[in-house]
Structure formats: C-alpha cells, structure tokens
Amino acid sequence: MGMFATAAGVDRYVLIGRIVTMDAAGTVHPRGALCIERDRIAAVVADPAHLPDDFSNVTPIETKGTIYPGLIELHNHLSYNFLPLWTVPKRYTNRNQWREHEPDYQTSIAIPARIIGSNTDPDYARSIARFVECRSLLGGTTTTQGLSSSGTGGKKWYQGLTRNVEAPLDPIFPAAGGQTLDYRPAEIASELVPALKKDRPFFYHLSEGTDADARQRYLDLEYVPGSWAIDGDLITIHCIALQTIDFQRVAAAAGMVWSPLSNLLLYGATADVAAARKAGMKIALGSDWSPSGSKNLFGELKIARIVSDHAGGLFSNVELARMVTSTPAAMLGWDNQLGSLVRGKKADLLVLEGAVDDEYDQLIRAKEDDVLAVVIDGRPRHGRMGFLDFDATRQERIVIGGKDYSLDLTEQGSDPLAGLSLATAIAKLTDGLARLPDLAAKAPAPGTRAFDLIEREAISIDFELDETPGDFRHFQTMALAAAPTLRPLPMAPITAVDDPDFVPALKANTNIPDYLRNAL
C-alpha cells in the first residue's frame, strides 16, 4: 500500500522513520513519527506509539527511511541548467574574462541558451523551466534561487513546482532581490544601498575570481568613507577573492553561498571558507549552474566534503548538512517556516532510503536513486513508485538509476507549464540542442514581426548572466551571425546517477586540483 490515495487529496498523514529535525538542538529521533496536516507539520513525535489525538485514526506509513527537511539551494542560474557541462578552455582569474571575452563561452553557453530560450516557439521556454525545476527536485531540493531579477521572461515560467526565492507564490515568504553582474562603484550607493533598505533578502555575486579586480568589487562596497553596503539582508555569493581580514566585515551580512565545484572548475580556487567560518559567517551551498557545477545539491555536498577534508576536516557532517537546510533558511529569514522539521513549519520534506549509520553522512552520500520521496507543502511531488500512490491522471513515470519513480507536475488554475511532462520537455530540448545551427539561422532578426512578438509577449526566458542594455536585440544579432559556426550540443542526463560521462568530464577539467580529481 502506498502513502496516499491521491497526490493532493489527503488532509492528514503520518510518516514513521528516523527523523533528522535539523532544529537548533540537533534533535534526531531514531524511530519517530512526523504528523502532517495539509501543508504543515502538525507534530514531531519521538515515539510513534504516542500520536496526537487528532491522528489517532490515521494509519501511519512505515518509510524504513530517514526524513530530512527539504533541501534549500541559495545559488543557481536556473535558466541555464539544461546546457551540458562546459569544457573550460583555460583558467580564469575573473568571471568577466569568460563572460565577456571568451569566444567559446559565447558559442557553447550564451548563444545556445538564447537560441533555445528566445525562440518564437514558447514551448522551448516552457521546457527549460520544466526541466531545470525537476533537476532540482530530483536532487531533494524544495527551495531554489536563481531567477533573473530584472527581466519579464523569467519569473512567469516558474509558478508552482519548487519554491523560488525571487518569486514565491505564498505571500508569507518575503521575495528576494538580487544582482548577478558587478555593480559599478557609483551604483553601490544608487542601487545596492536602497535595495538593502527594503528589508528583504538580497543576493549579490561578490568578488568572483582570484585577481585584484575581483577583490576590488568588495572594496567598492565602501560607498562613502566608513560606510559599507553590507547588512543583515545581504547574501553574498562566491567571495573567492576575499582576504582573511575582509570576512570580519562581510560577517555583518546574512551569510555567504559557497559553490566550490564551479569555483574550482573555472578558477582553480574557491573561497577561504576557513576564514569565513572563523569570522562567524553563515555558509550555505549552491551548485551554481550546469555549465560548471554539480547536477544538484547532492553533488555539491560531496564536493564540499572533499574540500573540507583536504583542509583538515574543516566542517563536520552536521555542519555540511546544515548548509542545505537550516542555515540557508536562516539566511533568507525564512527559518520560521522552513529549514527544520518543527511543529508549525511548512511540510517540505526529503525522505531517503534506509536508516543506518550516521544520518548526516547519509545525506552527504545520497544519490538521486536513494530518494524515497520529496514533499513540498505537504504534497508529494516526486517519489519511488509503490511508495507514493499518485492519482493516475497526475502521474508521470520516470526511471532513475534503474528504479521507477513518479512525478506529480500538475497545477491548479492557469499555470503556464500545465500539461507539460518532463519527458516532453527533455525531448523538446534534446531536439533543439541538436538543431542549434538551424535554429540560429532561423532566429527572428531585430525589426521583424516575429522579433517584436517575443519582446512584446515575453515568451522568452531570461538569462541574467548575459543581461546588457538592449541585450535581447544584441543576442539575436549575435545568434544570426554565429549560425555558421555553431555546433549541436548534447542533452546531458538530468541526474548524476544516470550520467556516466559526468565524473570523467570533471576529472578532465584543466583547473581542478589533484586532491579533488583523485577523490572524485
């Protein structure tokens, strides 16, 4: 017997298993009961024999697994996450080197993303959104970051599957702002300082690189002598170029987001997390994006532990587990709703198969085919077939690591992705990437009716790493010019467990240190 009669039609249910609450005390119930009522955790019970009266008539479900809070990712670029891993041509010292001056970046990442995401066929943009949210979901992630903060063709596509910090549908969550590209010095006072006064989370990619110019982006935050654009609403991303002394001041921010794999693949170095930890900074994890990052947080946890072990065991297993649960929730100011399994909080859950050995090590070692269920707002969205009973009209069957899973992607109302399955999205994107030269040659030129339709109806998707003034017009022109030299790109598998080429590709990267290459 599965867990539910329908995907969303049960008001109360009880899960029995090892419960890793991630609360402040680090409470773990070796065999507890988690009581769910609609979208909330109604009770966390140490002994299933003592359920609350309201659940006395509910038949508990024995998971024989370990239950965690849903994972929270605070650094991603969702709309790029359908692209394959980039063969990085060389080591960079600043992100603007590859973003602005690397021809292979344009032909492997920027232009292909635009060709697919800004096609006159809106099913391409819909397929990107469907694929990248499912990519997060299959890795246990229930809350994601990484939508464009300035465009109109981004947020409209992400309306209901995972929680998105820039566009939460539930009004109880304060929407986050952010800036991906570097602020010019004069913009710190005119744009960043006012943004930090809005009392909401604000993400800023800070000092991404290893050179003096990257560090200067941190020094620019002193917008007038003695006044710094750093406060408890600022969430800094990367921070690679920061020196030990810098973290003493950046510690006034809400925290930093660490993306070690992407940092090492592009720059051969990552942030001085030992200095950040010593300064008392909160540290969360983010997998960045598919061209240079992990498939999902499961992968990034493994990289973080390898880096930690190389540094002499910098972080314990529980500290690493908190980087994807309670810590990012606190950094967002969402910790009254998410990040731990506590009565009254939202029922965002990850259930992993098995309940032996160290519970935090189990999370770090987890692969996509270890997942039993991912639940958001009390609603099972993804799970092992036979463990969850989905309504047949809602169910999509997928295979992960040779195991059968079900997805529930249905939404109420006018969701823009309504009716689009993951399989259909994968097929659409696979075909588009295979036909890149042809699609580029047929891209609507600026000034045409088709071009005006894309701009007017916002049927495209936004790519914030490549936003410049007049950028849509600029990239359409580039796409047309690049058509003869573009090559088809492969569609990589959505999970690491089903991608035998992924780890070999990482090992072949020219920038990663030997200790990481040997540990992969």
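Remarks
- When residues of region 468-492 are limited to those that are part of a loop (DSSP other than H, G, I, E, B) and open to solvent by 50 Å² or more (accessible area, probe 1.4 Å), the one modelled with the lowest pLDDT: Pro469
- Any hit, region 287-297, residues being buried (at least 24 other Cβ atoms within 10 Å of the Cβ), touching a residue at least 12 places away in the same chain (Cβ under 8 Å) and not in a loop (DSSP other than H, G, I, E, B): yes
- Scanning region 90-109 for residues that are charged (D, E, K, R), assigned to a helix (DSSP H, G or I) and either touching a residue at least 60 places away in the same chain (Cβ under 8 Å) or surrounded by 22 or more Cβ atoms within 10 Å (Cβ to Cβ) (or both) returns Arg95, Arg99.
- Scanning region 30-41 for residues that are surrounded by fewer than 20 Cβ atoms within 10 Å (Cβ to Cβ) and either of a type in the set (S, T, N, Q) or more than 25 Å from the chain's Cα centre (by Cα) (or both) turns up Pro30, Arg31, Glu37, Arg38.
- Qualifying positions in region 70-89 - in contact with a Gly (Cβ under 7 Å, 6 or more places away or on another chain), over 23 Å from Asp39 (Cβ atoms) and not in a loop (DSSP other than H, G, I, E, B): Asn76, Leu78, Ser79
- Out of Thr162, Thr143, Thr120, sole residue that is in contact (Cβ under 8 Å) with a residue 40 or more places away in the chain, more than 20 Å from Gly286 (Cα to Cα) and of a type outside the set (D, E, K, R): Thr120
- For Ser136, the stated conditions hold: it is modelled with pLDDT of 95 or more, crowded, with 21+ Cβ neighbours inside 10 Å and assigned to a helix (DSSP H, G or I).
Quick grid of which residues meet (1) touching a strand residue (DSSP E or B) at 6+ places or on another chain (Cβ under 6 Å); (2) at pLDDT 95 or above:
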site	(1), (2)
Pro52	yes, yes
Thr63	yes, yes
Pro69	no, yes
Glu73	yes, yes
Leu83	no, yes
Thr93	yes, yes
His101	no, no
Ile116	no, no
Asn119	no, no
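- Meets criteria (part of a helix (DSSP H, G or I) and either among the charged types (D, E, K, R) or under 28 Å from the mean Cα position of the chain (by Cα) (or both)) for Pro112: yes
- Considering region 67-92, the residues that are among the polar types (S, T, N, Q) and out of contact with any helix residue (DSSP H, G or I) (no Cβ under 7 Å at 6 or more places or on another chain) include one that is farthest from Pro112 (Cα to Cα), namely Asn76.
- Close pairs from region 395-411: first over 12 Å from Arg381 (Cβ atoms), partner of a type in the set (Ser, Thr, Tyr) and part of a loop (DSSP other than H, G, I, E, B), Cβ under 7 Å, at least 6 apart: Ile400/Thr495
- Residue ID - surrounded by the fewest Cβ atoms within 10 Å (Cβ to Cβ), chosen from residues in region 356-372 that are of a type outside the set (D, E, K, R) and at pLDDT 95 or above: Ile364
- Failed criterion for Ser56 (all others in (1) modelled with pLDDT of 95 or more; (2) over 30 Å from Lys156 (Cβ atoms) hold): (1)
- All positions within region 286-304 that are more than 9 Å from the chain's Cα centre (by Cα) and under 18 Å from Phe203 (Cβ atoms): Gly293, Glu300
- Scanning region 373-423 for residues that are out of contact with any helix residue (DSSP H, G or I) (no Cβ under 9 Å at 6 or more places or on another chain), acidic (Asp, Glu) and open to solvent by less than 30 Å² (accessible area, probe 1.4 Å) gives Asp408, Asp415.
- Scanning region 500-512 for residues that are outside any helix (DSSP H, G or I) and either modelled with pLDDT under 95 or loosely packed, with under 14 Cβ neighbours inside 10 Å (or both) yields a total of 4.
- Residue, most open to solvent (accessible area, probe 1.4 Å), within region 185-203, restricted to residues that are charged (D, E, K, R) and within 27 Å of the chain's Cα centre (by Cα): Lys197
- Failed item, numbered, when Leu147 is tested on (1) modelled with pLDDT under 90; (2) outside any helix (DSSP H, G or I); (3) open to solvent by 20 Å² or more (accessible area, probe 1.4 Å): (3)
- Residues considered: Gly232, Gly209. Of these, the only one that is touching a residue at least 60 places away in the same chain (Cβ under 8 Å) and under 27 Å from the mean Cα position of the chain (by Cα) is Gly209.
The values are calculated or read from the model by the stated rules, or taken from the named source; none is laboratory data. Just so you know, these numbers come straight off a predicted model, no measurement behind them. In this analysis, Cβ positions are derived from the backbone assuming ideal geometry, glycine residues included, and neighbour counts consider all displayed protein chains. For accessibility, only protein heavy atoms count, side chains too; no ligands or nucleic acids. Shrake-Rupley method; radii C 1.70, N 1.55, O 1.52, S 1.80 Å.
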